[in-house]
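Data block below; observations after.
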């Protein structure tokens, strides 16, 4: 937000802020230009749009733009509603705060769930842990246990790590999670907004 000189909450963006965010996201993830498709829209307009509406306006990158907007919305919502503890030391983000995404009252995404587990090392440190919190790099130590927890959370008793890892890989193309520069088994990195 500081880099773009825009408010962290997308609902407050004016049309110029929306265009700044679009240009930054397109540049950062090498997406095709979609600015004209979202011209004249405010942040409130964007926040009201579904993923399908994003895809209709921008077939090549609408899903990725929607996913990134969702990250911004979630981070802003958690900051406002869940007493976020700001962890900006060494370039950290509000996204990595002690907020518990279960308090949002919204359906939880897998990336939020993983972050939630990571932020409770006393409870889940044996199954998932940070390798470098500042860079968003984490390791799943017990893949079966993490998959079971996700299955319980989503009420899907048949959840296993194959299904969970497939979902994680979907985040690669959306630019939410990636493999770190030095690839290791069960090690991932969050790609978070500035």
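The values are calculated or read from the model by the stated rules, or taken from the named source; none is laboratory data. Quick caveat, the model's predicted, so the values are computed rather than measured. Backbone-built Cβ (ideal geometry, glycine too); neighbour counts: all protein chains shown.
Only one entry in 52, 80 is modelled with pLDDT under 85 and exposed (fewer than 13 other Cβ atoms within 10 Å of the Cβ), namely 80.
For every residue, the table says whether it meets (1) over 25 Å from residue 168 (Cα atoms); (2) surrounded by fewer than 18 Cβ atoms within 10 Å (Cβ to Cβ); (3) in contact (Cβ under 8 Å) with a residue 24 or more places away in the chain.
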{"position": "15", "(1), (2), (3)": "yes, yes, yes"}
{"position": "27", "(1), (2), (3)": "no, yes, no"}
{"position": "33", "(1), (2), (3)": "yes, yes, no"}
{"position": "37", "(1), (2), (3)": "yes, yes, no"}
{"position": "48", "(1), (2), (3)": "yes, yes, no"}
{"position": "62", "(1), (2), (3)": "no, no, yes"}
{"position": "66", "(1), (2), (3)": "no, no, no"}
{"position": "71", "(1), (2), (3)": "no, no, yes"}
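With respect to the conditions (1) within 17 Å of the chain's Cα centre (by Cα); (2) under 17 Å from residue 13 (Cβ atoms), residue 43 lacks only one, and its number is (1).
Where in the stretch 110-194 are the helices (runs of 4 or more DSSP H), entirely inside, with at least 3 residues that are out of contact with any helix residue (DSSP H, G or I) (no Cβ under 8 Å at 6 or more places or on another chain) and under 30 Å from residue 4 (Cβ atoms)?
The helices (runs of 4 or more DSSP H) meeting that bar are 161-174.
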